[in-house]
1. Can you confirm whether A:Glu503 is modelled with pLDDT of 80 or more and buried (at least 20 other Cβ atoms within 10 Å of the Cβ)?
2. Residues in region B:116-130 that are aromatic (Phe, Trp, Tyr) and at the interface with chain A (Cβ under 7 Å from one of its Cβ atoms): how many?
3. Restricting attention to region B:271-311, and to residues there that are outside any helix (DSSP H, G or I) and among the acidic types (Asp, Glu), which single residue is modelled with the lowest pLDDT?
4. Can you list residue pairs whose Cβ atoms sit under 6 Å apart, with the first residue in region A:617-645 being touching a residue at least 40 places away in the same chain (Cβ under 8 Å) and the second being part of a helix (DSSP H, G or I) and among the β-branched types (Val, Ile, Thr)? Count only pairs 6 or more apart in sequence or on different chains.
5. In a helix (DSSP H, G or I), modelled with pLDDT under 90 and more than 14 Å from chain B (Cβ to nearest Cβ), is that true of A:Ala800?
6. Among the residues of region A:744-776, write down those that are part of a helix (DSSP H, G or I), over 27 Å from the mean Cα position of the chain (by Cα) and within 13 Å of another protein chain (Cβ to nearest Cβ).
7. Every residue in region B:202-239 that is hydroxyl-bearing (Ser, Thr, Tyr) and buried (at least 23 other Cβ atoms within 10 Å of the Cβ), please.
8. Condition first: over 22 Å from the mean Cα position of the chain (by Cα) and charged (D, E, K, R). Now tell me which residues in region A:81-122 satisfy that.
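The values are calculated or read from the model by the stated rules, or taken from the named source; none is laboratory data. A quick note: this is a predicted structure, and the numbers were derived from the prediction, not measured. Cβ placement follows ideal geometry from the backbone for every residue including glycine, while neighbour counts extend to all protein chains displayed.
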Amino acid sequence: MKAPVLQLVDVTRRFPGVLALDDVSFDVLPGEVHALVGENGAGKSTLINLVSGVLQPDSGHLQFAGTRVNVADPVAARRLGIATVHQEADFFPTLSVAENMALLQGLPVNRLGLIRWDDVHAQARRAVDAIGEPIDVGQPASQLSIAHRHMVQIAAAVQQQAQVVILDEPTSALTAVEAEWLFAQIDRMKENSVGIVYISHRQEEVLRLADRITVLRDGRRIWTKAAEGVTTDALIQAMVGREVQGTSDPVPTTDADDPRRADSHTSPDDAPRLRVRNLNDVDGRVCNVSFDVRAGEIVGVYGLVGAGRTELAHTIFGIGHRASGIVEVDGLTPTIRSPRDALGAGIAYVPEDRLRQGICRSLSLRFNTVISTLNRLSRGWFADRNAEREAARNVVDQLAVRHRSLEQPIGQLSGGNQQKVVLGRWLLSEPKVLILDEPTRGIDVGAKAEIHQLLRHEAERGTAVVMISSELPEVLQHSDRILVLRNGELAASFDAASATAMEVAAAALPQTAAGPTKARRAARLPGTVMGLPLGELGLLLMVIVLAAWLGLTSDGFFQAGNLTLLLADIALWTILGLAAATVIVAGGIDISVGSLLALAAACAGLILKQPMSPAVTIPLAIGVALLVGTAGGLVNGATSLLGRVHPIVVTLGMMILYRGLVIALLRGQQISYLPRSFGYLAIHAESGFRGTIVIGALAALLVHVVLSRTRTGRHLYAIGSSPTAARLVGISPARTWLVAFGIGGLLAGLAGVIELSSSMQMQAQLANGWELQAIAVAVIGGFSITGGRGHVVGVVLGSALLRLVHSALVRWEISGDQVRFVVGGMILVVVLLDLVWRRWQR
Amino acid sequence: MSHSWKRALATLFPWCLLACGIILVATQVERPGALVHLGVQKARIGALAAVMTAIILTGGIDLSVGSMVALSSVVMGVVWNAGVPAEVAALTAIAAGFTAGATNGVLVVIGLSPLVATLATMAFYSGLAMLLSGARKITEFPETWLDACTFGGVPNEYWLLLATFVVAIVIVHGTRFGNWCYAIGDNPIAARFAAVPVNWTQWWLYAASGLVAGFLAVVYTMRQGANPTAHQGLELQVIACVVVGGTLITGGRGSIPRTLLGLAVISSLDIGLSFLSFKVEFLTADARLMVIGALLVLVAVGNEWLARSRE
């Protein structure tokens, strides 16, 4: 008898208003597939979250390989050897597939601390080869289809040699062939004594794969049995909680006072309030769906995850784009291209994701209730707060929303009450058609019952109600008719009074264990050519063309003197551009770089003017300048972090403050007459050699190494790409944020030293306004303002391009101030092109 | 310190600053009449701050306001030089401002981050202003214009300030447009699902910003001519007023009357300190800047903390 590799012992976990897990014990043996089955809200997600370290149990404990453990966070779980493949995993969209996979376990480094990219790519390729699909591990993870993303996760879990692998609805996005690959991986893992927890709604899969099955219902473990001998009937019965007596008997209800009606309130002669005919959406998630809903009936829409139910609702409501088909409301065919149009047509939609799509958290209960129907509650153009309050009070009373005050932020209410408010919001619009997407998900039993009663009441008033749900009992007990969606198509339609759970569940299952069989996306343009991303290649081309043009049209362009001057200019702006870029890549922004440059230069200048030997003052000045720059950057980063204020506000204030400091230090004087040897740093007057170029090149090289070959550098990209995913892999967003600002400040200080050295004087207004150009260089160079993307090469090329444009404009006798026009235009062009490119890729 | 003490402190802080500022001004002013003219600069910032508040409420930002003023001002000057009557020149300037703002609106609606879009247009419009004016000031305006610069004894800038605040307060706090702004700032996705016209609202806000910039340009040009470089850095002072007033940069929280508070705080402190600097030696322009910069950050942090503690 093998000992379990993972055990949950008497685990309980509560959320406000919900007992998610009630004294549950669960264990996984090495080499077995233990299936976890249950309806939505049964507690499966909570159990997974406990095992993967996202949540902690309120009571009870976990044991791993016999020893009691505390899985404090996802990193700890991974270190123990527990790999979780979530349905909707957080990942780093701008980082490559290979890097995503490597970050799960920490990027491998050599003795110097540099990342072994070859190993990263080799490992990723090995894992992906096992999948057998043409996946390029070098492409950004955002370009993977959902199916591929899942498969990569699974392959990574296999490769990590985890001892416990949790698979949450792994086949929901896979085709039949891909699912077979998954099953082969599972066999491999079993041979390697990996314990597998398999969560799925697909009973056929469960019965095929599982060695043992555990059923959860309402947070309690109902039973755990060997899979042999378990029938689908028994499974459904355990999940749903009632006896299933063959195909002809209806499932009895629990609410004696709200029985499912055997007779409909509508007669077949009533024209349908909602007619949908041959509806297709542009993404292929809704395929030729047609159905009617009559006044007073509740139509339940059931289906598995990915069946297209939400997409159907979105297409009707005007959020998804309709490719073809008709939506008719009360005989009229309105144009519906936005939720606003839908509202006007009398269609209401209560979204699936309450937090993200439903409520405005910090705004009041009253606000959230009346937001969609303000036109009815205003006097002409002006808002009528009294009318709003009255309407909100009516809703709150009718729907029994438990609250403290109408002005209370809605975020303080429980999930069930928030849901009632969103429902009430739409009821205020007196809709003809009311569509609800998972209306009782994540809500306690009491509130669930109340919402069901509300829906019935609304239907009795004549509204056509569509209720999308993944909970079989809900659909069976609280609708009049049931539509089953499968793979985007309408698979079956049942009369709820006579349907059985078996029939409905069976209709939702694909014939084989297949998912969407849509054709694969057409091949996209390659992201890189010869190792250089397409964007940088374009920049290089523009630089070459512009340089050539300048060389041809102006004498002396290619003269050594002119070229070195140009290169020195480019070097300085590369450094400043990198100062902006390192902060931008981490998801921040620093508009004080100009003032920091000036501050560093001022400090250096003042030290240089001290009556000491230049051998002392010069190193001291450089050191202090770099220190001042770094300190300034750190202050910016720390203030935005600790004060939780957006960096644009902090760096705006600091920009003003640092500039004030500069003026104070200079006391209205100009710094000049610096020791000659200091100037050699930038220019050696006699030979014309420009040290700036060397310093710039070295700085660029160093930053490149840090950003692309050290862990810290990659962490900058990680937090810019997805701060939530970063936390899940153990990267500290706070520490990394500070590092980004620190490096940015350091580079600004360096730029200050160079600028002072090359002009040998400074005034208080030095570098005023330079932050715009620095950010321009970074953005043109490929660093997206949202973070997580960009290469140092791009900054060099961006700097070169801008300086060449500058030279060109000077030749045309357009002054420096007018250059801003071109700079602005270039930023716009680059950012628009990027937007178009990104949209096209999707 | 207990929680409610801290909250009281954070709420009162801007008011204390205002009190300090007013006391400074009242005690240090030598020629009260000059206050009206010193305040004109602040009134300009205030007019723009009214619209900027609404934009920031939606979670956006407009860094190009200064450049839009410069552009409209130059357009007015250039058109006037071409021999067009003053009224037409003024209308052209306003139209130019509106177009610039509308373009910002289009960029934001198609999906660019407002930060990047208005950063780029800030450079673009100011460069355009430079180009059109040949980087020169246009100051040969008839004397009669100067008379038209005040109305009822009060400089036009104050009327513009009053008008923009009144209109902004009415629209944002009295109509559903305002509710839409708050919803977009709190959760743009939920706002869309709640049938709020997100794109339309945002476009109009940025266009309004350009419109006000156009009006401001007319008022400014009538007094001081068309100077393409005179408005650099304006946007930062405008944003400072909004932030000090208590509107969160992330959107969804704040109000337009509070921006008046921010404007009052910054104006009174700036003017008060500048008066003081005549008497106290070390209080120079730099010290004023440092004070304002530090205050901006402090108040912003305090406001964030306050907002968080309310939840």
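1. No: the conditions fail for A:Glu503.
2. Filtering region B:116-130 down to residues aromatic (Phe, Trp, Tyr) leaves B:124-125.
With the extra rule that they be at the interface with chain A (Cβ under 7 Å from one of its Cβ atoms), the set shrinks to B:124.
Summing the residues that are aromatic (Phe, Trp, Tyr) and at the interface with chain A (Cβ under 7 Å from one of its Cβ atoms) in region B:116-130 gives 1.
3. B:Glu311
4. A:Thr617/A:Ile607; A:Ala621/A:Ile607; A:Ile622/A:Val753; A:Ala625/A:Val753; A:Asn636/A:Val650; A:Asn636/A:Thr651; A:Ser640/A:Val650
5. Answer is no for this residue.
6. A:Trp770, A:Glu771, A:Leu772, A:Gln773, A:Ala774
7. Answer for region B:202-239, where residues must be hydroxyl-bearing (Ser, Thr, Tyr) and buried (at least 23 other Cβ atoms within 10 Å of the Cβ): B:Tyr206, B:Ser209, B:Tyr220, B:Thr221.
8. Answer for region A:81-122, where residues must be over 22 Å from the mean Cα position of the chain (by Cα) and charged (D, E, K, R): A:Arg111, A:Arg116, A:Asp118, A:Asp119.
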